[in-house]
Amino acid sequence: MFAIATNACAHDSEIISCTLASWLRVFGNRLDRVHVIVDGRPASGRIAANRAHVQADPSRLWDVLAHLAQSDSRVHVSALGEIPQERSLSTWFTEGAPDRCQAGTPIRAFVAAFEAPDAEFVLRADCDMLFWENGWLAEGMRLLRKGQTDLVEPPRLGHAAGGGGGRISTRALMLRPSVFHQRCLPIVPHRLGLVRRIHRRLHGRPTWLALEQMLEVERRRGGIRHVILDNAMGYSVHIDQRSFPSREWLEGVVGRIEAGDVTPAQRRLGWNFSTEAWPEAA
């Protein structure tokens, strides 16, 4: 079974209505479940600073998710507190219970998303990711099933052919949970260097690295094997502007992304979406 898990907070109500519906279309009957973990706590660190100008309505997020769940029985929604995250954290890390990294990005919520679906293969994706699937899903599951890698990333738009040469990103990351637990966990909950740890502590902030940075440290040490699949099999695109879903042109652009029809300009720019690369968004 293949499942997608994602995390959402109050700022994500509009973007997730767009992306989650796209996932259901793109993966069709190959997708057993989409599990959404809602973190209702206020943002912190750099994340809070970046979103300070954006009005967020938690009730709007729950309304959107309720509508999606009613529209498709594969959509399951849980609050972060409903997931046995402390048990998950104890199996993922050698010590401590990291909640958020020093910049405010989730750790506990990401781990809870990896653990939530009861599926042989889990793709944890940020709720602002879109995909064109042209064979990467089957190839990723094949590599994981044969034990040839531990973490698979869908192709990143514009990533060089050959599949390697990239740092781990948790924007979209697929694993086989039972094998990953056995072979790769627990990992060390890595922290910032000493000087930066002192600075963060003086300001009352955590000192953990982001989860993807912890995984990258383990990869460099040889404890985790990681591959980014080739663009011939499709791609992923990151839409980080939360106001986009209200734009009239976005539906058509999403349809083109799903069909593998990105503009040459967007392909050159890579997997971070740019309105300048799309004439219809001008």
| note | For the chain, dividing by residue count, accessible area per residue (probe 1.4 Å) in Å² works out to 45
| request: Could you go through the range 125-142 in sequence order and give the Karplus-derived ³J(HN,Hα) for each residue, using 6.51 cos²θ - 1.76 cosθ + 1.60 with θ = phi - 60°, rounded to whole Hz, and x for Gly and Pro? | output: 10, 4, 6, 10, 9, 10, 9, 10, 10, 10, x, 5, 5, 5, 5, x, 5, 4
| query | For the chain, what is the percent of antiparallel DSSP beta bridges, rounded to the nearest 5? | reply | 35
| task | Report the full-extension gain for the segment residue 251 to residue 185: residue separation times 0.36 nm, less the Cα-Cα distance, to one decimal in nm. | result | 19.7 nm
| query | Which residue, chosen from 76, 122, 275, occupies the Cα position most advanced towards the positive end of the dipole of the chain, where the dipole is computed from +1 (Lys, Arg) and -1 (Asp, Glu) charges on Cβ about the Cα centre? | reply | 122
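Assigning unit charges at the beta carbon (Lys, Arg +1; Asp, Glu -1) and nothing else, what dipole magnitude in debye, to the nearest 20, does the chain show about its Cα centre?
Here the chain has a charge dipole of around 1220 debye.
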| Residue by residue, what Karplus-based ³J(HN,Hα) values in Hz, rounded to whole numbers, does the range 187-192 have, using 6.51, -1.76 and 1.60 with θ = phi - 60° and x for Gly and Pro? | 10, 6, x, 5, 10, 5
| Net charge near residue 253, counting Lys/Arg +1 and Asp/Glu -1 over other residues with Cβ under 12 Å of its Cβ? | -3
| said: Give me a comma-separated list of calculated 3J(HN,Hα) values for the range 104-109, in order, Karplus coefficients 6.51, -1.76, 1.60 applied at θ = phi - 60°, integers in Hz, x for any Gly or Pro. | reply: x, 6, x, 10, 4, 5
| field | Antiparallel DSSP beta bridges within the range 124-282, as percent of all bridges there, nearest 5 | value | 65
| query | Using alpha carbon centroids, what distance separates the range 264-282 and the range 139-158, in Å? | reply | 26
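Please find the FRET efficiency linking residue 240 to residue 265, where r is the Cβ-Cβ separation and R0 is fixed at 22 Å, and quote it to the nearest 0.05. Display every interim value, and only then the final one.
Working: r = 18 Å, r/R0 = 0.80.
For residue 240 and residue 265, the calculated efficiency is 0.80.
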| field | Amide H partners (placed H, <5 Å) of residue 126, local residues excluded | value | 172
| request: Mind putting a number on the dipole of the range 102-194 about its Cα centre? Charges go on the C-beta only, +1 for Lys and Arg and -1 for Asp and Glu, and I need it in Debye to the nearest 20. | output: 320
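The values are calculated or read from the model by the stated rules, or taken from the named source; none is laboratory data. Just so you know, these numbers come straight off a predicted model, no measurement behind them. Virtual Cβ from ideal backbone geometry, glycine too; neighbours counted across all protein chains shown. Ligands, DNA and RNA are excluded from the accessible area calculation, which covers all protein heavy atoms including side chains. Shrake-Rupley method; radii C 1.70, N 1.55, O 1.52, S 1.80 Å.
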